[in-house]
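A short worksheet on the structure shown next.
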Amino acid sequence: MPSTCPSRDALVIGAVVATLLAAASLAALVWLPPPAVAACGGARNGAGPTAAVTPEARAEAKKLYSSRCAVCHGKGGRGDGPGASNLNPKPPNFCNREWQKSITDEKIARAIVFGGAAVGLTSQMAPNPDLEDQPAVVAAFVEHIRKLGK
Ligand code: HEC
């Protein structure tokens, strides 16, 4: 049966391509320089450091924000979650325009994926390594946080 060999090869090639794509998207997340985004303007598709936001990614980011972030950052992003009272420094208020101006989309994305320590902040801000290969979800987080500043 000659047909089995090509299909197995195709699987192997597919796996290699998938790995390369994942590596490439991670590299894009890490290496793209900060874009010139207008203050509080947020990322438009294609202008941010991360992937295009899909409706699925937006829904996933919303779900994850409630389950992983709100405990410290608060439902509305004001840094007033129940877990924040014991923290020092406190989480930033995402609704504060000065804070929004002080930070790039790239730094927000890096803090979320690699944790506070990776961007020179406290390690109390935990990394989310499972998002490393989900750039669209990370982009949706950035979008969500930028919207809070408007
Ligand atoms: C255990 C509490 C905690 C959790 C959970 C948490 N954070 Fe944070 N986060 C912090 C603290 C504290 C800071 C401020 C760090 C500092 O100023 O040193 C912070 C900072 C940040 C920043 C600002 C980074 C910067 O460069 O200024 C972003 C963005 C952020 N968090 C997003 C998130 C998102 C999104 C989640 C959920 C996926 C999350 N955080 C989960 C505590 C938390």
- request: Determine which aspartates and glutamates satisfy two conditions relative to Lys150: a Cα distance under 16 Å, and not lying fewer than 8 residues away in the same chain.
  value: Glu98, Asp105
- prompt: So which lysines pass the test for Lys147, namely a Cα distance under 17 Å, with those fewer than 8 places away in the same chain ruled out?
  reply: Lys62, Lys63, Lys75, Lys101, Lys107
query: Any idea what the relative contact order of the range 42-150 is, in percent, if you count C-alpha pairs under 8 Å spaced at least 6 apart?
result: 34
query: Quick one: length gained pulling Asn86 to Asp130 fully straight, 0.36 nm per residue minus the C-alpha distance?
result: 13.2 nm
message: At a 10 angstrom cut-off on C-beta neighbours, averaged per residue, how do the peptides 88-95, 143-150 rank from highest to lowest?
response: 143-150, 88-95
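Values in this text are rule-based calculations from the coordinates and carry no lab data. In this text the structure is predicted, and so the values were computed from the model without any measurement. No Cβ is skipped: glycine too gets one built from the backbone with ideal geometry, and neighbour counts run over all protein chains shown.
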